[in-house]
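Following: one structure in structure tokens, then a few remarks.
The values are calculated or read from the model by the stated rules, or taken from the named source; none is laboratory data. Every value quoted in this text rests on a predicted model; they were computed, and no experiment measured them. All Cβ positions, even for glycine, are placed from backbone atoms using ideal geometry, and neighbour counts span all protein chains on display.
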Amino acid sequence: MNGEFLQALEQIAKEKGISKEFLIDAIDVALVSAFKKNFGSSQNVKVAINRETGEVDVYALKTVAGEVENELQQISLQEAKSLNKNYEIGDMVETKVTPKNFGRIAAQTAKQVVVQRIREAERGIIFDEFISRENEIVTGLVQRKEKNSVFIDLGKTEAILSLGEQTPNEAYNIGDRIKTYIVEVKKTTKGPQIILSRTHPGLVRRLFELEVPEIQSGVVEIKGIAREAGSRTKLAVFSHDENIDPVGACVGQRGQRVQVIVEELRGEKIDIVEWNDDPEIFVGSALSPAKVIEVNTNKETNSARVVVGDSQLSLAIGKEGQNARLAAKLTGWKIDIKSQSQISSS
């Protein structure tokens, strides 16, 4: 190594936001290992790097002993005093043992360590950035597909959209720009692993927060979300200002706000209903777009019996029971739907 290497090291440290001393300390440790690997592992040694010239020296460390039992680890008192009369038993003596060709080995080792430490530091920076963005939305490009997983380029790194987090029947074409939800950020030996989702209810929540200023300000609150990704979502909202209609705020003029979200979710239907602390009113609203005649709740069984007009029964239940299922998930009540004619004949 030389002075130019140290100057380059200082420049790299500044650019990458890494301490120069941290890098040099790491090089010290690696050089000790390199010496032992190439020149014998039994010696106790330390490496000294001149901070100005970059010159590297190796010193053997030996303990002053009254009787030498291990010549690689110990030095006699007489021999120690020949070097410095002030040495006493138990002192540590440093003797320069730098091999002639150690400079070349040191330079190679130092370069390897710097590259490794920079890579680790960059991984750490990426991890710190994305761990703070868990449960947030990120926009990225579909980069590649591998088996059933899709890899999304987020700029500084790539993230994974596994099969279980992909919306059914949604195509992910290379080059597509899509919004995804960060479910989890993990530390691995290969760097941070960022797990994305297109199916998580949190994606819908964050999309509404982006599009609806009243939600951003806290005037309108999202009380609950029930979602079957790719098909339908039910959203319960509440306004803390009686002058603001929470459903209207989310829908927007001529449906513009909700339409932006529907387009991002590739046509997923969204029902927005007003939350109410009266479970009978809330259950009735949750079954939208069906019109409900009557709701009776039983707190002991946590169930609700709903009566609808004969023409509304199939709409209330929904295709394959989806509407009723999502309403039950949104409200937390078990819902039993009957038509007027079914009630009359029972």
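Of the strands (runs of 3 or more DSSP E) entirely within the stretch 199-313, none holds at least 3 residues that are among the small types (Gly, Ala, Ser) and touching a residue at least 40 places away in the same chain (Cβ under 8 Å). Restricting attention to the stretch 161-180, the residues that are within 11 Å of GLY140 (Cβ to Cβ) and outside any loop (DSSP other than H, G, I, E, B) total 5. No other residue among GLU294, GLU300 is more than 24 Å from GLY230 (Cα to Cα), touching a strand residue (DSSP E or B) at 6+ places or on another chain (Cβ under 8 Å) and charged (D, E, K, R) apart from GLU294. Taking the listed residues VAL295, VAL307, VAL260, the one that is touching an Asp or Glu at 6+ places or on another chain (Cβ under 6 Å), farther than 23 Å from LYS223 by Cα and at pLDDT 95 or above is VAL307, with no other qualifying.
Where strands (runs of 3 or more DSSP E) fall wholly inside the stretch 1-114, the ranges with 1 or more residues that are in the same structural domain as ILE125 (by TED's automatic domain parsing) and modelled with pLDDT under 90 are 45-49, 56-65, 92-96.
Looking only at the stretch 181-198, residues that are modelled with pLDDT of 95 or more, of a type outside the set (Lys, Arg) and in a loop (DSSP other than H, G, I, E, B) come to 0 in all.
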